[in-house]
């Protein structure tokens, strides 16, 4: 496995083939926790790994130099997938000073007893001379935690971008030009939608600032390292930060006795009469991880549920709560569903869409009990309305 990024930088992280859940985000292809060793007269380790995998990290470092020679441990982000093993690494590297910003130091104190650690707090733009190599630190607040920081190796133009440009994707390859790019880009999109989407504005500011640096390599904390296709992922991020819509309609539904399913399928038929792209998502068959990735770049969505206990189906309520937290922007939508005694479910769905600032494309489409032919045709026309809107994007 090729782990050499540049003359001075080596990947020393961990490939987690088995992980399938990342705080609610499904990771069917596993993940990596990327850490990097920067050589120099005073070597630095950029980030660590999850606590259970520290032995692997330290073994990778020992293959290159004694742990006593590590002078600096750079902590770009205090989240446990990157800093979970930091206390163990501090103990194993007795001559190392932890480098982080003030907010990160405050966060680390809530995770570990840092009272005996040697620490140096750095400010935005500050540099650190490793002896032949120079690191520069850039605060990247809310990408995706308040204390997040990126580190730049000036001489070799390597940006350690933390969670920006990452993907949850295990594999035998460390670099983008070794991996199947369709898989990498799909996982990068899913990662952005489920982790980074709520922070579009600060991400845009970071892209503008860090994108102006001379870059040979961009090394995120998850997934492949970008050395050949960075322009492709940068262009994608520039679209994702504004949720730039494709000509795509998402129909999202949960059903009880299949009446709402029949309405959703009729809407899909209406969309399919046009050139608009379509995703018909039955929440009994898809995970919220996939839903978020599809909503990220849709132009509009229809959300459907029967009324249950004067509300909506629990599975849909969970998904809408998840999407509300991710804050997709620039969308339009409509709600629909069946009911028996009172059409209260559409009220709850409408409220969700309003709180998400999704523009309404019309009144809710409701059906008492089962849809007849006239109702199904109304649903098809609703699908055409959605498609016509999407085709204007």
**OP:** Report, by residue number, each residue of segment 321-361 that is in contact (Cβ under 8 Å) with a residue 60 or more places away in the chain and under 24 Å from residue 375 (Cα atoms).
**Re:** 336, 337, 338, 361
Subject >> Conditions (1) over 24 Å from residue 22 (Cβ atoms); (2) in a loop (DSSP other than H, G, I, E, B); number of the one not met by residue 243 >> reply: (1)
Original post:
Out of all the residues in segment 17-33, is one or more crowded, with 19+ Cβ neighbours inside 10 Å, more than 23 Å from residue 191 (Cβ to Cβ) and in contact with a strand residue (DSSP E or B) (Cβ under 9 Å, 6 or more places away or on another chain)?
Top reply: no
Original post:
Tell me, which helices (runs of 4 or more DSSP H) wholly within segment 277-359 include 2 or more residues that are more than 28 Å from residue 201 (Cβ to Cβ)?
Top reply: 314-326, 345-355
Original post:
In segment 22-46, how many are within 19 Å of the chain's Cα centre (by Cα) and either closer than 21 Å to residue 156 by Cα or in contact (Cβ under 8 Å) with a residue 60 or more places away in the chain (or both)?
Top reply: 12
Subject >> Counted residues, segment 248-268 - those being buried (at least 19 other Cβ atoms within 10 Å of the Cβ) and either under 23 Å from the mean Cα position of the chain (by Cα) or in a loop (DSSP other than H, G, I, E, B) (or both) >> reply: 7
Original post:
Here are 76, 2: which of them is in the same structural domain as residue 142 (by TED's automatic domain parsing), touching a helix residue (DSSP H, G or I) at 6+ places or on another chain (Cβ under 8 Å) and touching a residue at least 24 places away in the same chain (Cβ under 8 Å)?
Top reply: 76
**OP:** Scan segment 144-183 residue by residue and report those that are part of a helix (DSSP H, G or I) and either free of Cβ contacts under 8 Å to residues at least 12 places away in the same chain or surrounded by 22 or more Cβ atoms within 10 Å (Cβ to Cβ) (or both).
**Re:** 176, 182
Original post:
Within segment 114-128, can you find the residues that are loosely packed, with under 15 Cβ neighbours inside 10 Å and touching a residue at least 12 places away in the same chain (Cβ under 8 Å)?
Top reply: 118, 120, 121, 123, 124, 125, 127
Original post:
In segment 362-374, what count of residues is obtained for those that are without any contact (Cβ under 8 Å) to a residue 12 or more places away in the chain and under 30 Å from residue 24 (Cβ atoms)?
Top reply: 0
**OP:** Could you please find all residues in segment 90-113 being surrounded by fewer than 21 Cβ atoms within 10 Å (Cβ to Cβ) and not in a helix (DSSP H, G or I)?
**Re:** 94, 95, 97, 112, 113
Subject >> Filter pass, residue 24 being at pLDDT below 95 and under 23 Å from residue 217 (Cβ atoms) >> reply: no
Original post:
Scanning for something modelled with pLDDT of 95 or more, within 27 Å of the chain's Cα centre (by Cα), farther than 16 Å from residue 267 by Cβ and buried (at least 16 other Cβ atoms within 10 Å of the Cβ), does segment 333-348 turn up at least one residue?
Top reply: no
Original post:
Cβ-Cβ below 7 Å, separation at least six or inter-chain, first residue in segment 375-393 and assigned by TED's automatic domain parsing to the domain that holds residue 365, second part of a helix (DSSP H, G or I) and surrounded by fewer than 19 Cβ atoms within 10 Å (Cβ to Cβ): which pairs?
Top reply: 376/262; 380/269; 383/269
Original post:
What about residue 191, is it modelled with pLDDT under 95 and either buried (at least 20 other Cβ atoms within 10 Å of the Cβ) or assigned to a helix (DSSP H, G or I) (or both)?
Top reply: no
Original post:
Can you tell me which of 316, 280, 323 is within 23 Å of the chain's Cα centre (by Cα), at pLDDT 95 or above and surrounded by fewer than 23 Cβ atoms within 10 Å (Cβ to Cβ)?
Top reply: 280
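The values are calculated or read from the model by the stated rules, or taken from the named source; none is laboratory data. What you see is a predicted model, and the numbers here were worked out from it, not measured in a lab. Glycine gets a Cβ as well: all are built from the backbone with ideal geometry, and neighbour counts include every protein chain shown.
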